[in-house]
Amino acid sequence: MYKQSVRRRRAVLVLLVAASLFLLTVYFGESAGGPFHALQRGVLQVTAPIQEGASRALKPFRDLFGWFDDTLDARDERDRLRKERNELRKRVIGAQAAERENSQLRRLLNLDRSDTVEGYEPVTARVIGRSPTVWYATITVDKGSSAGVRVYQPVVSGDGLVGKVTAVTRGASQVTLITDSTSGVSARVLTPAVTDSANGITGLIKPAVGRPRDLLLEFVPRRANIRKGDVVVTAGSRSSRLESLFPANLPVGVVTKADDEELSQYQRVHIRPFADLRRLDFVQILTRGGARGSSLRAEGRNP
Amino acid sequence: MTPSAALAVRLGIVALLTVLVQISAVSQVSLLGVSADLSPLVVASVGLLCGSVPGAVMGFFVGLFADTALLQTLGVSSLVLLLVGYWAGRLRELRDPAHALTPLAVGAAATAAASIGFSLVQFLLGVDAPVSLLLLRDILVTILVNAALAMPVYALVRRALLPALPEDPRRRRRRAYVTGGLSPISRA
């Protein structure tokens, strides 16, 4: 009887481990249109209304805990903001270029009214779910293909770039944030030294897993004069053949540090994103009536 | 309904609710820069209450629900959480820990195992982005936050499963001690 129980227990364990490994292997090997991916989208479609209801019902609790966290962070945040304000004040007074940059930023912050998103139709969506691990920086929003959302469309908040749509069902979508390990965004640094915004210093923004408030701008030449406080925006299109998924001049973040490694021909620039990606209640998906997103999906193009 | 079927139904409901509450609320609350992760706590609680096989099955399905609902790589969370559930169940079967703080210690250990296991699987699958050492800090803070939540989560899971659990000899002994006999009827 005891031996039978032990055998049964071990059999269940082996079976479950084998099932997990089977799922992992098949899922990893199949394309985005494969049966397991389709199953996930189907489940998302079914659970999205439940998630939305639960998200609304539990919002007071989230706000309560958010208040505690805000209070804990308030002192550090105040000191940091004071320092940042002083730095910005010096620069605004000191340089005409910085003044121009300032006015440019003000325009960028009003995304809906600016030229940046001209040709796009922003769709406002509520965040109804979020991945709990640092390895998957994704959120689920309550707008899907019925609202014109398509895969690879850019997503912004009032502060700046948030990410891109990576899966769509009829009533919900998954957004992969710019802090996800698979994310990459071409970006440009707006330095006062380079007044022509089309010729700013460009690089590729990659996240650092485990540091959601720190993005890395890579492939920036060592000679590029980048300073703390410089603003980083999306580079946008450079070629009609290889058009970027993100429109140009969407604000991404501010430079906090530049690592100048002696043996490398590039410097690595650290950026603090403008958008607080851990506190998103609403985002805007920049839709284009569906045509562009669908064609990109058909081509299987990546950013 | 048989006792095992009743337990299975309750476990299924608890698993679904866990994933739903995790995705819709808990993941969106940042405490000390991290979010609490209810999944290892619930799975470890089930292992402690029901044993290794229900713990492992619970871990597999909670992981499967989470990976499916979040469009993550299927199988990763299932693999990690089923081992967590199995381990918690074996702890109960072999040691039968009776200390009141056992759920706290087991919850913290389960969170550590799940976080480290999840990271290991991610490394095995390949990571494109650079990985910061601050990940270790995040894991440590998550363990602390989860440890703080372990006792209430265990109490909730126990409350949800208790009517469907088989009679616990320890509970029977305690009741016999309090009432001064095997049951109030035998006292009379």
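The values are calculated or read from the model by the stated rules, or taken from the named source; none is laboratory data. Small disclaimer: the values here were computed from a predicted structure and weren't measured. Cβ coordinates were reconstructed from backbone atoms using ideal geometry, including for glycine residues, and neighbour counts include every protein chain displayed. Ligands, DNA and RNA are stripped out before the accessible areas are found, and what is left, the full protein with its side chains, is counted by its heavy atoms. Shrake-Rupley method; radii C 1.70, N 1.55, O 1.52, S 1.80 Å.
Worth a mention:
- B:Ser39 vs. criteria in a helix (DSSP H, G or I) and in contact with a strand residue (DSSP E or B) (Cβ under 9 Å, 6 or more places away or on another chain): no
- Every residue from segment A:211-232 that is closer than 13 Å to A:Ile178 by Cα and in contact (Cβ under 8 Å) with a residue 40 or more places away in the chain: A:Pro212, A:Arg213, A:Asp214, A:Leu215, A:Leu216, A:Leu217
- Listing of strands (runs of 3 or more DSSP E) fully contained in segment A:251-303 that carry 2 or more residues being at pLDDT below 85: A:251-259, A:266-273
- Just so you know, in segment A:44-64 the residues that are surrounded by 17 or more Cβ atoms within 10 Å (Cβ to Cβ), among the hydrophobic types (A, V, I, L, M, F, W, C) and part of a helix (DSSP H, G or I) include one that is nearest to the other protein chains (Cβ to nearest Cβ), and it is A:Ala54.
- Residue within segment A:30-40 that is modelled with pLDDT under 85 and assigned to a helix (DSSP H, G or I) present: no
- The set of residues from segment B:90-132 being open to solvent by 80 Å² or more (accessible area, probe 1.4 Å) and either among the small types (Gly, Ala, Ser) or facing another protein chain (nearest Cβ under 8 Å) (or both) comprises just one member, B:Asp128.
- Scanning segment B:31-56 for residues that are within 7 Å of chain A (Cβ to nearest Cβ), at pLDDT 90 or above and surrounded by fewer than 24 Cβ atoms within 10 Å (Cβ to Cβ) yields a total of 2.
- Exactly one residue out of A:Gly158, A:Gly171, A:Gly119 is on the phi > 0 side of the Ramachandran plot and either without any contact (Cβ under 8 Å) to a residue 12 or more places away in the chain or in a loop (DSSP other than H, G, I, E, B) (or both): that is A:Gly119.
- Whichever residue in segment B:58-72 is facing chain A (nearest Cβ under 7 Å) and on the phi < 0 side of the Ramachandran plot and, among such residues, is surrounded by the most Cβ atoms within 10 Å (Cβ to Cβ): B:Phe60
- When B:Val84 is tested against (1) among the hydrophobic types (A, V, I, L, M, F, W, C); (2) under 30 Å from A:Ile205 (Cβ atoms); (3) out of contact with any Phe, Trp or Tyr (no Cβ under 9 Å at 6 or more places or on another chain); (4) open to solvent by less than 30 Å² (accessible area, probe 1.4 Å), just one condition goes unmet, and that condition is (2).
- Residue pairs whose Cβ atoms lie under 8 Å apart, sitting 6 or more positions apart in sequence or on different chains, and linking a residue in segment B:50-69 that is within 12 Å of B:Val80 (Cβ to Cβ) to a partner that is aromatic (Phe, Trp, Tyr), are B:Ala56/B:Tyr86; B:Gly59/B:Tyr86.
- Test: B:Gly75 is at positive phi, surrounded by fewer than 23 Cβ atoms within 10 Å (Cβ to Cβ) and free of Cβ contacts under 8 Å to residues at least 24 places away in the same chain: no
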